[in-house]
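A short write-up of the structure that comes next.
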């Protein structure tokens, strides 16, 4: 049977960012240095494939520190942790490695500096997300007010509207965050913002690639995990940019072929914690069903890299 023609637009950049690469390397190097098991508090990054691969190498994933034996190393996830977590690890004399993305750590430092100047902080982020929990946990309770939407801005009651600063989660929608920031500045004209955009380069670049290819495609598939904030935002960005169909898939097995029956052009991208092997699986699935033409949509070149912590670079 003749396969129907289909153009697959492949977003570039897509997939792993420097913070995710570093976090995975930290777990792998910790296992290599100290042997298995190495404990990891929370998923190191939000992707089941990555977690399963590290588990097979000797990583044990737990939710809280008290699930870790005190005689084994523990790694903190790329999303960051409240200050109380490393403090408790030190109290218990545990060996720990912090895999917090340096761009998340930058936001932590910003929050602390604002706090030292007597400012209360407004954080734009998603309630319950590990990054938000970790960032809010850098300061005493009540010092960080969380807002998710423009509507939330109208409901908050800071102790001093003249002494406010804002920070953001690094994996948000660039456009949605701009609307919330505008609302904050309209209500609190003297609010202080970050010196440099908090939303990370990888989030911004992947969203820009989706916007670029949106007018060319009938459907968008985002490879990523349901609990991955930046992956969910890519789906939202695709829909906002006019994609008739935008869907998150963890693997090729999740593709709803009936929903995209008859399409002539599909866009494929991947969240910052999704490995390229999963994208390749999606491409192979399309190649098996269509006479496939692949076109890259290049909107940025990424050459960012981060060193692993010094403790892993030191000799045993």
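Okay, residues lined up against (1) modelled with pLDDT of 95 or more; (2) surrounded by 14 or more Cβ atoms within 10 Å (Cβ to Cβ); (3) out of contact with any helix residue (DSSP H, G or I) (no Cβ under 8 Å at 6 or more places or on another chain):
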residue: 198; (1), (2), (3): no, yes, no
residue: 213; (1), (2), (3): yes, yes, yes
residue: 272; (1), (2), (3): yes, yes, no
residue: 277; (1), (2), (3): yes, no, no
- Would you check if residue 211 is in a helix (DSSP H, G or I) and farther than 30 Å from residue 248 by Cβ? no
- Within region 5-27, track down each residue that is buried (at least 19 other Cβ atoms within 10 Å of the Cβ) and assigned to a helix (DSSP H, G or I). 18, 19, 20, 22, 23, 24, 26, 27
- Message: Can you list residue pairs whose Cβ atoms sit under 7 Å apart, with the first residue in region 90-118 being within 21 Å of residue 38 (Cβ to Cβ) and the second being exposed (fewer than 14 other Cβ atoms within 10 Å of the Cβ)? Count only pairs 6 or more apart in sequence or on different chains.
- Response: 92/70; 93/70; 94/70
- Query: Do we have any residue at all in region 226-245 that's at pLDDT 95 or above, over 30 Å from residue 23 (Cα atoms), part of a helix (DSSP H, G or I) and not assigned by TED's automatic domain parsing to the domain that holds residue 127?
  - Reply: yes
- From 36, 30, which residue is farther than 29 Å from residue 301 by Cβ and in a helix (DSSP H, G or I)? 30
- Item | Any chance residue 156 is touching a helix residue (DSSP H, G or I) at 6+ places or on another chain (Cβ under 9 Å), at pLDDT 95 or above, surrounded by 14 or more Cβ atoms within 10 Å (Cβ to Cβ) and more than 30 Å from residue 40 (Cβ to Cβ) | yes
- Task: Scan region 65-83 residue by residue and report those that are part of a loop (DSSP other than H, G, I, E, B) and either touching a strand residue (DSSP E or B) at 6+ places or on another chain (Cβ under 8 Å) or surrounded by 14 or more Cβ atoms within 10 Å (Cβ to Cβ) (or both).
- Result: 68, 69, 72, 73, 77, 78, 79, 80, 81, 82, 83
- Item | Inter-residue pairs, beta-carbon under 7 Å, first under 17 Å from residue 249 (Cβ atoms) and in region 285-311, second assigned to a loop (DSSP other than H, G, I, E, B), 6+ apart | 285/255; 289/3; 290/3; 290/4
- Query: Quick check: anything in region 117-124 surrounded by fewer than 17 Cβ atoms within 10 Å (Cβ to Cβ), within 18 Å of residue 106 (Cα to Cα) and touching a strand residue (DSSP E or B) at 6+ places or on another chain (Cβ under 9 Å)?
  - Reply: yes
- Query: What tally of residues in region 84-118 results from selecting those that are touching a helix residue (DSSP H, G or I) at 6+ places or on another chain (Cβ under 9 Å) and outside any helix (DSSP H, G or I)?
  - Reply: 9
- Can you work out which of the residues in region 299-316 that are loosely packed, with under 12 Cβ neighbours inside 10 Å and either in a helix (DSSP H, G or I) or in contact with a strand residue (DSSP E or B) (Cβ under 7 Å, 6 or more places away or on another chain) (or both) is modelled with the lowest pLDDT? 313
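The values are calculated or read from the model by the stated rules, or taken from the named source; none is laboratory data. These numbers come from a predicted model, not from an experiment. With ideal geometry, Cβ positions are generated from the backbone for all residues, glycine too; neighbour counts draw on all protein chains shown.
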